[in-house]
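I have placed the structure first, in the form of structure tokens, so that the comments after it can refer back to it.
We did not get these values from a lab; they are worked out from the coordinates using the rules stated. This structure is a prediction, so every number in the text was calculated from the model and none was measured. Reconstructed Cβ throughout: ideal geometry from the backbone, glycine too, with neighbour counts over all protein chains shown.
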Amino acid sequence: LSFGKVFDNSKAAAPGAVAGILPHKSPKGLEGLVLDDAPAAPDPKKVSGISIENFNIPGTRSIPDIFSAPAVLKADPASEADVERALREMVDGDPVRYGVPSSELATVHVRRVPGVGHQADTIFAYFRQTKNGIEMHGSYLSFTIKVLKGRPVVLGAMAKLYPNTPIDTTPRFPDDELADKALERLGPLAQIYNLEVEFLERKIVYSKGSWHAANIYIVTGTPITIAVDVATGEAFAWD
């Protein structure tokens with residue numbers, strides 16, 4: 001199982017993989033290692049952001065001030081790239097609602113799924129917020145578009161975005177030193193068991209009450225993941 005982007009579902013797991021909830025404890029052989037909570041999207045009551053849950057179904061009576069009229073995109077519904085272009089224009093045209101420019105949205109996928117029977121074709125678009133080119137874990141912006149009478153109509157939008165978030169993304173340590181700090185987080189167990197770390201990716205994660213631009217490592221042969229803040233060198237580990 002490749003851990004590159006599996007832990008936040010931005011990459012599919014291996015065929016046959018099973019997800020489950022296990023007790024929070026140190027792996028066998030690493031008893032005594034105190035772990036941190038895994039990074040997660042921040043509590044919206046404590047961290048300001050933009051949350052969108054908007055759905056429109058043709059033929060239903062809209063509720064004023066909650067649902068706006070379905071948006072018809074000026075795009076070729078047969079072209080995923082053109083639909084993406086139109087969605088980005090829509091985001092840039094409404095900065096109050098979305099809070100971030102489309103230039104700060106990384107495309108996860110834009111996929112058209114043909115309808116079956118009486119179903120209309122559907123286009124699913126999914127984006128993740130970035131800061132200085134680094135993806136923010138826990139952020140997303142998704143659209144559900146139906147092709148109705150030959151026109152792409154936005155019927156649903158969901159988002160958790162964090163505009164104007166203070167994050168220091170400037171690395172102040174070389175990568176080899178950041179890897180050393182990841183091993184230091186394991187304490188003497190790193191030497192006792194001759195542990196090594198493998199770099200996965202650089203990502204912005206929310207942990208211990210703040211955002212961190214961090215190098216993410218997996219401890220070889222264990223389920224432990226370690227994040228090291230590239231600006232401060234702070235490290236935290238979770239199972």
Could you size up the charge dipole of segment 69-223 around its Cα centre, putting +1 on the beta carbon of Lys and Arg and -1 on that of Asp and Glu, and report it in debye to the nearest 20? 760 debye
Explain nothing, just the number: dipole magnitude of segment 170-216 about its Cα centre with +1 on each Lys and Arg Cβ and -1 on each Asp and Glu Cβ, in debye rounded to the nearest 20. 340 debye
Run the dipole for segment 145-238 about the Cα centre, Lys and Arg Cβ at +1, Asp and Glu Cβ at -1, nothing else charged, and hand back the magnitude in debye, nearest 20. 1000 debye
Residue pairs, from the table 74/146; 46/208; 46/181, whose Cα atoms sit over 18 Å apart: 46/181
Taking a ≥ b ≥ c as the square roots of the Cα gyration tensor eigenvalues, with a/c under 1.5 meaning rounded and otherwise prolate when a/b beats b/c or oblate if not, segment 131-185 comes out prolate
Honestly segment 82-210 on the Cα gyration tensor test (a ≥ b ≥ c root eigenvalues; a/c under 1.5 rounded, otherwise a/b vs b/c for prolate or oblate) is just prolate
Computed over the Cα atoms of segment 178-239, the Rg and Dmax in Å are 10.9, 32
